[in-house]
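The values are calculated or read from the model by the stated rules, or taken from the named source; none is laboratory data. These numbers come from a predicted model, not from an experiment. Positions of Cβ are generated from backbone atoms using ideal geometry, with glycine treated the same way; all protein chains shown enter the neighbour counts.
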Amino acid sequence: MSSPILENAASVSGAEREDVAGLARQYGPAVFRAAWRILGSRAAAEDVQQQLFLRLLESPPRDVSSWPAYLTASATRLAIDHLRRQRRWRMLVPLWKDDPVDESPDEDLERQQAGRFMRAALARLKPRDAACFVMRHLQGLSPGDIGRALGISDNHVSVSVHRARQALEAMHDKEQLR
């Protein structure tokens, strides 16, 4: 789904502001969900969402072939950066579920601990590997969409996802030995 919105833009005019506003209306909820799944905080996800669209106003990208993939990738990277800056993960929710689940207190605690571990582990990965992993496994994007959004080949996406999975498994195994 290619869109001419903001292509070949050198500076932001009134028309381009309207284009960014249209993107925000159309893809804002998806950007919010991408950030929320990583951050687990509504306020932090809203901050990432706002930051992303402000950056589009300040510095519009050129030649975007898939706005959903581009915006999801950007939201993912900004959310991971947010995690790295904050180093606080008080509000924990599962990364892979959209809806709250009725669980016993023990199951809820276990899920929260898993969420805390995943956030900390993602923050320790190389940024590209973490972004590829999150976009592939948490956002459900195809390697082709991820590659176009990040400007890398499909094969590089698959290698990055594999590296991230191996690193996460190693971190998990190390954590289990504690």
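Annotations for the structure displayed:
- Lone qualifier among Arg119, Arg111 - being assigned to a helix (DSSP H, G or I), surrounded by 13 or more Cβ atoms within 10 Å (Cβ to Cβ) and in contact (Cβ under 8 Å) with a residue 24 or more places away in the chain: Arg119
- Test: residue in segment 138-148 that is on the phi > 0 side of the Ramachandran plot and modelled with pLDDT of 75 or more: yes
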